[in-house]
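The values are calculated or read from the model by the stated rules, or taken from the named source; none is laboratory data. Remember, it's a predicted structure, so these values are computed and weren't measured experimentally. All Cβ positions, glycine included, derive from the backbone under ideal geometry; neighbour counts span all protein chains shown.
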Amino acid sequence: MSLQDEFIERVQAHRALLNKLVYLYADETEDRKDLHQEILLQAWRSYPSFRNESRFSTWLYRIGLNVSLTMLDRRKRSQAQDIPDVAQPQGNEFESKDQLGHVLRQFGPVDRTLLVMSIEGFGPDEISETLGISPGNVRTKLHRLRQKIELLWT
């Protein structure tokens, strides 16, 4: 099997993970398509250096997270430069039929990632590896985030 075929097979096996990540960090259809394409491009470029020291899903999530956060940062900078006098929408203006999506958007990108990875079944060690923080810190942050969520839902 060629490297390209192997990559395609592995990415297709984790298609749902990519879709969730894209929906978590992009609101518009075109932004989602762009983000998905950029994640795949960066993953393909990095694939030859993948050493199987972690699960492929953890490695792919980390690339997706880095690409997503970079795109968010670029978008914020360009909006700040292009529209300096326009007030930014407040968190309460977000409307969604999906309560989980609404709750997740109340948090910053890293906290969202912690929550989603936990929901997806990633353990503290895998989340730690992906985000570059200690497993103890992951557990502490998750505990605090769950407490905040309880307050939001009450």
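So Arg105 fits all but one of (1) within 30 Å of Leu151 (Cα to Cα); (2) modelled with pLDDT under 50; what number is the exception?
(2)
Return yes when Glu6 is more than 15 Å from the chain's Cα centre (by Cα) and within 20 Å of Ile127 (Cβ to Cβ) and no when it is not. Show your work before the answer.
Working: more than 15 Å from the chain's Cα centre (by Cα): yes; within 20 Å of Ile127 (Cβ to Cβ): no.
Judged against the criteria, Glu6 is not a match.
If a residue must be in a loop (DSSP other than H, G, I, E, B) and at pLDDT 85 or above, how many such residues does the stretch 118-127 contain?
3
Which of the residues that make up the stretch 21-31 are surrounded by 16 or more Cβ atoms within 10 Å (Cβ to Cβ) and of a type outside the set (Phe, Trp, Tyr)?
Leu21, Val22, Leu24, Ala26
Output the residues belonging to the stretch 108-129 that are within 15 Å of Leu21 (Cβ to Cβ) and either surrounded by 17 or more Cβ atoms within 10 Å (Cβ to Cβ) or of a type in the set (Gly, Ala, Ser) (or both).
Arg112, Thr113, Leu114, Leu115, Val116, Met117, Ser118, Gly121, Phe122, Glu126, Ile127 - these are the residues of the stretch 108-129 that are within 15 Å of Leu21 (Cβ to Cβ) and either surrounded by 17 or more Cβ atoms within 10 Å (Cβ to Cβ) or of a type in the set (Gly, Ala, Ser) (or both).
Sort through Thr130, Thr140 and tell me the only one that's assigned to a helix (DSSP H, G or I) and modelled with pLDDT under 85.
Of Thr130, Thr140, the one residue that is assigned to a helix (DSSP H, G or I) and modelled with pLDDT under 85 is Thr130.
Run Leu35 past the list (1) part of a helix (DSSP H, G or I); (2) surrounded by fewer than 12 Cβ atoms within 10 Å (Cβ to Cβ) and report the number of the one that doesn't hold.
(2)
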